[in-house]
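Enquirer: Below you will find the structure I want to go over with you.
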Amino acid sequence: MTQIQISKRLQTIASYCPQDAIIADIGSDHALLASYLLVKHEARFVIAGELNEGPYQAAVRQIASLTAKDHASVRKGDGLAVLEPNEAEVICIAGMGGQLIASILNNGITKLGKVKRLILQPNVGEDSLRRWLYDHGFQLVAEEILEEDGIIYEIIVAEPGNPESPYQSDRWSRDELMQIGPFLLQKKSAIMQKKWINELDKWVKIKERMQQSTREETREKLSEIDGKITWIKGVLTCLQTDKASYK
Ligand code: SAM
């Protein structure tokens, strides 16, 4: 059998792809995820979509090397434009900013008619992606956070449904949960704590730099940053399993 080596990040994405489905991977680069889904994950058919010529050619070569290549299609184009309406049952979009993923979904909204699941991995801007999903009737059904080669990644899985459902909380507003990730908040994983400790460190350093400034407008921003730091400490307290408050 053809060996396909993929990262832990792509394997986690694949683990959320149902078997025997028609799966599109948009922004496929070398089509490694699509190949893995076909060879190891028993996808019925995979579509690798890619905007740029270099990665598109790499994807063509990769898919051509597979025995199961008749169950795959490599297409060049922008976002979901490569799909027919009602074609893909599952769409993966990984390794881009959350806003770009949201704009790809938005521009291709007419291609989402048959979609049963979206598996998305934003590098940044997770909150704007959760907002788009909420506004367009997609319900978060799972979230993952993982670290690979020193980088922390979040994966968001959503299906058509009741978008309000994961945002029930006495403590947190919907907007806050969109920033944190409602499933990630419940998991309280060590990587999740690390992500928010990094975030806290970032804002503390920004504050220290600003404190050295004499500009009035900069000083006005300090109270905003103080509010952000207090909020992140609240998130960290919530993520701690022993419930001690974060100093
Ligand atoms: N999805 C792969 C992964 O997660 O490892 C590749 C991620 S790579 C950082 C992003 C890929 O998306 C690039 O190959 C880029 O050319 C492609 N891309 C960017 N914008 C796109 C768009 N609007 N439509 C299709 N592909 C796009």
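Enquirer: If you take the Cα Rg of the stretch 8-164 and divide it by 2.2 N^0.38 Å, with N the number of residues, what do you get? Could you put the intermediate results ahead of the total?
Expert: Details: Rg = 14.3 Å, N = 157, 2.2 N^0.38 = 15.0 Å.
Here the answer is 0.95, to two decimals.
Enquirer: Would you please give the FRET efficiency between residue 51 and residue 152, computed as 1/(1 + (r/R0)^6) with r the Cβ-Cβ distance and R0 = 41 Å, to the nearest 0.05?
Expert: Once the sixth-power term is evaluated, E becomes 0.95.
Enquirer: So what is log10(I(q)/I(0)) for the stretch 190-239 at q = 0.20, 0.26 1/Å, when the Debye sum runs over its Cα atoms only?
Expert: For the stretch 190-239, the Cα-only Debye profile gives -0.65, -0.90.
Enquirer: Kindly sort 51, 236 by accessible area of their heavy atoms, largest first, with the probe set to 1.4 Å. Could you put the intermediate results ahead of the total?
Expert: On the way: 51 90, 236 5 Å².
Putting 51, 236 in descending order of accessible area: 51, 236.
Enquirer: Hey, quick one: spin label on residue 191, modelled 7 Å out along Cα-Cβ, who in the stretch 107-146 has an amide N within reach, i.e. under 18 Å?
Expert: Only 119-127, 141-146 fall inside the zone, counting backbone N under 18 Å.
Enquirer: With the crude spin-label approximation of a point 7 Å out along Cα→Cβ, what separation in nm comes out for residue 240 versus residue 203?
Expert: 1.7
Enquirer: Take the chain, connect every pair of alpha-carbon atoms lying under 10 Å apart with a spring to form a Gaussian network, then pick out the residue of 171, 44, 61 with the largest mean-square fluctuation.
Expert: 171
Enquirer: Let me ask you something else. Tell me, in nm to one decimal, what length is gained between residue 110 and residue 69 on full extension, where the rule is 0.36 nm per residue of separation less the Cα-Cα distance? Don't jump to the answer; show the numbers that get you there.
Expert: Working: separation 41, 0.36 × 41 = 14.76 nm, distance 2.73 nm.
Full extension of this stretch gives 12.0 nm more.
Enquirer: How long is the gain from residue 81 to residue 215 if the chain were fully straight, where each residue apart is worth 0.36 nm and the alpha carbon distance is subtracted? Kindly include the intermediate steps, with their values, before the conclusion.
Expert: Details: separation 134, 0.36 × 134 = 48.24 nm, distance 4.80 nm.
Extra length available between residue 81 and residue 215 comes to 43.4 nm.
Enquirer: Let me ask you something else. Could you state the accessible area per residue of the chain in Å², with a 1.4 Å probe and every protein chain left in place?
Expert: Working: 12230 Å² over 247 residues.
I get 50 Å² per residue for the chain.
Enquirer: Expressed as a fraction of 2.2 N^0.38 Å, the rule-of-thumb size for a compact globular protein of N residues, what is the C-alpha radius of gyration of the stretch 1-91? Show your work: numbers first, answer last.
Expert: Numbers: Rg = 11.7 Å, N = 91, 2.2 N^0.38 = 12.2 Å.
Rg over 2.2 N^0.38 Å, computed on Cα atoms: 0.96.
Enquirer: Right, next: When we measure straight from the Cα of residue 233, which lysines land under 27 angstrom away, once same-chain ones fewer than 8 places off are left out?
Expert: Straight-distance partners of residue 233: 187, 188, 194, 195, 202, 205, 207, 221, 243, 247.
The values are calculated or read from the model by the stated rules, or taken from the named source; none is laboratory data. Only a predicted model underlies this, so the values are computations on that prediction, with no experimental measurement involved. Quick reminder, even Gly has a Cβ in these numbers, built from the backbone with ideal geometry, and neighbours come from all protein chains shown. For accessibility, only protein heavy atoms count, side chains too; no ligands or nucleic acids. Shrake-Rupley method; radii C 1.70, N 1.55, O 1.52, S 1.80 Å.
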